[in-house]
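Structure record follows, encoded as structure tokens.
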Amino acid sequence: MKRILFGFIILFLLVFIPILLVQFLKDPGADEQAFEERFDPTSVVKQVTNSLSSPSQAPRSASATPSLSATRNAPAQKEQIERLTPTPNVPRAPIIITPRRITPAPFPTATFTASATPPPPPTATLSPTPSLSPTATPSPTITPVYVLLDDKETLERYIRPTPTPYFTPAKIPNKLIGKIGFVSDLFGSGIRVYVVDPDGSHLALLTSPWPYQSMRNREWISPDGRYVVYQGGSQDRLDLYLKPLNGGPHHRLTFVGTGQAYDPAWSPDGQRIVFASNQEGDDDIFVVTFGDPEHPNPHTEKLTRGDDWQSDKHPSYSPDGTQIVYYSNATGSEQIWIMNADGSNRRPLIELDARCWDPVWFKP
């Protein structure tokens, strides 16, 4: 845009400056002659004389006699005419008009320098970030899975009137597999969960009850996770039924008549379910064998036999399916008992000066 404007200005100067020079440099004699004709004194005197003698210019009155004021001014006018009349044979000095030559000032020119290579962009200098010294993270306090009752100092931290909330992971710790968990009021200040080995040794307090609760819930589901056993029936009769978890027909497994079938637990091979029932008056342990869960053929067998006042409840299979743990009041107080899977070799697992009930055998 600047270059276009600059070009128009140069073009204007090249066209109009010669015209101005021609006007100022033409013949000065012509200008002098025109000036003399305009300012010739003789012509001026003639004009004044004509103006005084012309009747059209003299004021008229009612009579032809000139006025008094005109008579009085006649000598002054005559003197003015004589003064303006040039003296003959006196040469006049010529008036010379010298034209001025106007030299135009040079128009300022701007110099543009084009660079093919653009200037390099500014470079930013990055300062290195100072390294931060790592802050040591304190190691979390690991809560033991269980505490042996012989460890009085550690046990004291978990025997409190107000239990601490527990974190519930998804998988049961491996160190609990094969142990037996149960509930007891051993310390009197609250009901807690304990674990013990199948031979009755290493009695310990379970620091978090979630593995026990998780294992109890799993007792109702088949080992392959495809079927579930549940209670169904009327108010005075509850039987056990089998159904697929993904939907399908339901199958009745027990026929208790009058009474209830409850506390079911699957065997590791998925072909039997052990349960408790009061269908004969007192509470005893039964097992129903049905074979293929998809086409069950149930057959029920009684495993424990006691007096009318004895109660045997809450059975649970061992991981290999060869033994069953349950609780009984055969000694006068609820204690943890164990027997073979066919009901033989029944014996107390431990004898504590406290009530113990609802055992489960931890399985993978």
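Yes or no: the range 223-235 includes at least one residue that is of a type in the set (Asp, Glu), at pLDDT 90 or above, under 48 Å from the mean Cα position of the chain (by Cα) and not in a strand (DSSP E or B). Yes, there is a match, as at least one residue in the range 223-235 is of a type in the set (Asp, Glu), at pLDDT 90 or above, under 48 Å from the mean Cα position of the chain (by Cα) and not in a strand (DSSP E or B).
Provide a single number: the residues in the range 324-345 that are outside any loop (DSSP other than H, G, I, E, B) and crowded, with 17+ Cβ neighbours inside 10 Å.
10
Each residue in the range 196-212 was checked for being of a type in the set (S, T, N, Q) and over 27 Å from Arg347 (Cβ atoms), and 2 pass. Of the residues making up the range 249-277, those that are touching a residue at least 24 places away in the same chain (Cβ under 8 Å) and either in contact with a His (Cβ under 8 Å, 6 or more places away or on another chain) or more than 22 Å from Tyr327 (Cβ to Cβ) (or both) are His251, Arg252, Leu253, Phe255, Asp263, Asp269, Gly270, Ala276. The set of residues in the range 277-323 that are at pLDDT below 90, exposed (fewer than 13 other Cβ atoms within 10 Å of the Cβ) and either small (Gly, Ala, Ser) or out of contact with any strand residue (DSSP E or B) (no Cβ under 9 Å at 6 or more places or on another chain) (or both) contains only Gly281.
Scanning the range 228-276 for residues that are touching a strand residue (DSSP E or B) at 6+ places or on another chain (Cβ under 7 Å), small (Gly, Ala, Ser) and over 28 Å from Pro364 (Cβ atoms) returns Gly232, Gly233, Gly257, Gly259. Flag: Asp283 matches the condition of being in a strand (DSSP E or B), of a type in the set (Asp, Glu) and over 16 Å from Ala341 (Cα atoms).
Cβ-Cβ distance below 8 Å, separation of 6 or more or different chains: which pairs start in the range 335-350 with a residue that is among the acidic types (Asp, Glu) and end on one that is buried (at least 17 other Cβ atoms within 10 Å of the Cβ)? Listed by first residue and then by second, the contacts come to Asp342/Leu303. For Lys363, indicate whether it is basic (Lys, Arg) and within 53 Å of the chain's Cα centre (by Cα). Here the answer is yes, as Lys363 does meet what is asked.
The values are calculated or read from the model by the stated rules, or taken from the named source; none is laboratory data. Here the structure is a predicted model, which means the values were calculated and not measured. Cβ coordinates were reconstructed from backbone atoms using ideal geometry, including for glycine residues, and neighbour counts include every protein chain displayed.
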